[in-house]
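Report on the following structure.
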Amino acid sequence: MTISLAAYRAATAPLLDERDYTVDQIDGRLPRDLTGTLYRIGPGKHQVGKSLLHNVFDGDGMISQFVLDGATVRYRNRYVRTRHFEHGQHSDRIRYRGVGGQIPGGPLANIGRLPANVANTNIVNYAGGLLALWELGNPHRIDPDSLDTLGPTDFGGRLGFLGAFSAHPKWDPATGDMYNFGLDLLPTPRIRTYRIDRAGRLHRLATIPLRDLPWNHDFALTGDYMVFVLDPLLPDIRKIALASDSFIDSLEFKRAKGTRFVLVPKAGGRPRIVEHEALLHVHVTNAYDDGEDVVVELVRLDAEWDSFRTMTGMVNRDTPDTPQFPDSRLMRYRITRGGTVIEHELSDRAGEFPQYDWRRSTRAHRYSYLAGAGGPAGLFNAILKVDHRTGATTFCDLGASSIGEPLFVPRTPDADEDEGWLLALNHDLTENRSQLVVLDARDLESGPLATAWLRHHIPWGFHGTFTRRLARPETPQPVL
């Protein structure tokens, strides 16, 4: 399919208004027993006032809330009230540095400044509320009903020096505990790991000093370990110190250094590091212990780092170039007791944003779900399902679309794996409107069971979560 710059611009165009309404067009029929609240998050606008930003990671975080009662869908969106967002409400001046952008004025305007926390990457359930996550800084607490921003939290001062808290926490289904990590470049490079108990208290676990600390976005959890796959994406400290380049442009892929699998014992003890040839990835799926082996699944990108980095900086660009998400493969890696890494391809169909039945966390799972690459926007336009047992990949192609991460919701708490629904937010590029798409996870090829059409589009975003709790968004929206 021909890649269209106009389609990419439509997929990343801003939504400046905050809205609250009951969806009045639903094709098909909503499952009556699909009740709860879906939350999605992503950059809602790449601009400060009228000044445009260009990197996908630098847009202000916008939360979308879908309340499903078995018959209707109520929609609400709200921006996270970060300092960056509030500044952009009354000024066109770019005052804060971004991950992929600089403050105008050269190195002197940027030196000593960290990127602004735009709270745009993930939204997770936490202690009866929500956390909006952005991995280089503190989470922001969010009211699950009104979506009001309650403020940043550092868990009572328990986070590290920079307050970094990854956008991809994982939960142990046996205990209900949340695990996460933060990357610190200062005062010395290290990975800090954490456990957050069910009462919301954060406990520090291992701190792993690394002379060559790579950028790392995600990790996985087994019964015994936190599993990190550290690709050789290394910051150029000189460029960072002198602020001569943006943070993302200061990363260099040093293939000769290879990838390190780092296994951090959850119960304490010395981490285990296993070397492997260089990989490039963003997201992992699940992991589990298999005897004395550890198995982890991830999406391997078949691309050069420079081309991937360039793709992230094409928002609001007036250029003949068109973005194209790189080819990729769903892979499984087995780390043996003896230090051998065994690689196995699960699917050669390109995709990203891998998901699975979260009840299977820390254990082997049979099915993985992904957003499938393709379509005129150069992003994703299909939902994929990979059966690990048979090797089959089935899909639902949504045509001229920009679709996000598919989340699995089990039909009942004790339903079999794959017995439930996939929920995905899709932007129909022909209509320039977004949809909440509901599919039977067991039968993607039959197409959506229900499609709830919004009155507008939602910009391409990142991650989300679902809870069986019905939100009560009765609070009137403020006028911006």
Please work out which residue is modelled with the highest pLDDT, limiting yourself to region 2-30 and to residues that are loosely packed, with under 12 Cβ neighbours inside 10 Å and hydrophobic (A, V, I, L, M, F, W, C).
Leu16
If I filter region 38-49 for residues that are over 26 Å from the mean Cα position of the chain (by Cα) and touching a residue at least 24 places away in the same chain (Cβ under 8 Å), do I get at least one hit?
no
Residue check, Leu159 against (1) among the hydrophobic types (A, V, I, L, M, F, W, C); (2) under 21 Å from Thr37 (Cα atoms); (3) surrounded by 20 or more Cβ atoms within 10 Å (Cβ to Cβ); (4) more than 15 Å from the chain's Cα centre (by Cα), all met but one. Which one?
(2)
Got at least one residue in region 353-376 being under 21 Å from Ser434 (Cα atoms), among the acidic types (Asp, Glu), under 20 Å from the mean Cα position of the chain (by Cα) and buried (at least 16 other Cβ atoms within 10 Å of the Cβ)?
no
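Condition check ((1) under 16 Å from Ala287 (Cβ atoms); (2) among the aromatic types (Phe, Trp, Tyr)) across all residues:
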{"position": "Ala350", "(1), (2)": "no, no"}
{"position": "Gly374", "(1), (2)": "no, no"}
{"position": "His388", "(1), (2)": "yes, no"}
{"position": "Thr393", "(1), (2)": "no, no"}
{"position": "Phe408", "(1), (2)": "no, yes"}
{"position": "Glu417", "(1), (2)": "no, no"}
{"position": "His427", "(1), (2)": "no, no"}
{"position": "Glu431", "(1), (2)": "no, no"}
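With region 255-295 as the region, which strands (runs of 3 or more DSSP E) entirely inside it contain at least 2 residues that are out of contact with any Leu (no Cβ under 7 Å at 6 or more places or on another chain) and among the hydrophobic types (A, V, I, L, M, F, W, C)? Outline the logic, then answer.
On the way: elements: 259-265, 272-276, 281-290.
Passing ranges, in order: 259-265, 272-276.
Just to be sure, is Thr188 polar (S, T, N, Q), out of contact with any strand residue (DSSP E or B) (no Cβ under 6 Å at 6 or more places or on another chain), over 23 Å from Glu252 (Cβ atoms) and surrounded by fewer than 16 Cβ atoms within 10 Å (Cβ to Cβ)? Outline the logic, then answer.
Details: polar (S, T, N, Q): yes; out of contact with any strand residue (DSSP E or B) (no Cβ under 6 Å at 6 or more places or on another chain): yes; over 23 Å from Glu252 (Cβ atoms): no; surrounded by fewer than 16 Cβ atoms within 10 Å (Cβ to Cβ): yes.
Answer is no for this residue.
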Tell me which of these Pro320 doesn't satisfy, since it passes every other one: (1) crowded, with 17+ Cβ neighbours inside 10 Å; (2) assigned to a loop (DSSP other than H, G, I, E, B).
(1)
Among the candidates Ile63, Ile111, Ile94, single out the residue that is aliphatic (A, V, I, L, M) and within 30 Å of Asp24 (Cα to Cα).
Ile63
Cβ-Cβ under 8 Å, sequence separation 6+ or interchain: first residue in region 147-172 and closer than 25 Å to Tyr288 by Cβ and touching a residue at least 60 places away in the same chain (Cβ under 8 Å), partner hydrophobic (A, V, I, L, M, F, W, C) and surrounded by fewer than 20 Cβ atoms within 10 Å (Cβ to Cβ). Which pairs?
Trp171/Trp358
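Could you tell me whether Leu131 is within 28 Å of Val409 (Cα to Cα) and not small (Gly, Ala, Ser)?
Numbers: within 28 Å of Val409 (Cα to Cα): yes; not small (Gly, Ala, Ser): yes.
So Leu131 fits the description; yes.
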How about region 281-310: which of its residues are surrounded by fewer than 18 Cβ atoms within 10 Å (Cβ to Cβ) and farther than 30 Å from Ser361 by Cβ?
Glu304, Asp306, Ser307, Thr310
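Those residues that are in a loop (DSSP other than H, G, I, E, B), closer than 22 Å to Gly44 by Cα and of a type in the set (Gly, Ala, Ser), I need them from region 377-404; list them, please.
Start the filter on region 377-404 by keeping residues that are in a loop (DSSP other than H, G, I, E, B), which leaves 377-379, 388-392, 398-400, 404.
With the extra rule that they be closer than 22 Å to Gly44 by Cα, the set shrinks to 377-379, 400, 404.
Correct list: Ala377, Gly378, Ala400, Gly404.
In region 175-221, which residue that is acidic (Asp, Glu) and out of contact with any helix residue (DSSP H, G or I) (no Cβ under 8 Å at 6 or more places or on another chain) is farthest from Tyr356 (Cα to Cα)?
From region 175-221, those acidic (Asp, Glu) are 177, 184, 197, 212, 218; that's our starting set.
Now narrow it down to the ones that are out of contact with any helix residue (DSSP H, G or I) (no Cβ under 8 Å at 6 or more places or on another chain): 177, 184, 197, 218.
Numbers: Asp177: 19, Asp184: 30, Asp197: 23, Asp218: 15 Å.
This residue is Asp184.
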If you check His140 against the conditions, is it in contact with a Gly (Cβ under 9 Å, 6 or more places away or on another chain), surrounded by fewer than 21 Cβ atoms within 10 Å (Cβ to Cβ) and not aliphatic (A, V, I, L, M)?
no
When region 362-421 is examined, which residues are found to be charged (D, E, K, R) and at negative phi?
Arg363, Arg366, Lys385, Asp387, Arg389, Asp397, Glu405, Arg411, Asp414, Asp416, Glu417, Glu419
Among strands (runs of 3 or more DSSP E) lying entirely in region 111-218, which contain 2 or more residues that are of a type in the set (Ser, Thr, Tyr) and at negative phi?
190-196
Inside region 341-371, can you point out the residues that are without any contact (Cβ under 8 Å) to a residue 24 or more places away in the chain and either more than 22 Å from Thr259 (Cβ to Cβ) or not in a strand (DSSP E or B) (or both)?
Asp348
Going through region 205-248 one residue at a time, which ones are within 19 Å of Leu136 (Cβ to Cβ), charged (D, E, K, R) and surrounded by fewer than 19 Cβ atoms within 10 Å (Cβ to Cβ)?
Asp212, Asp236, Lys239, Asp245
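The values are calculated or read from the model by the stated rules, or taken from the named source; none is laboratory data. A quick note: this is a predicted structure, and the numbers were derived from the prediction, not measured. When we count neighbours, we look across all protein chains shown, and the Cβ atoms used for this are built from the backbone with ideal geometry, even at glycine.
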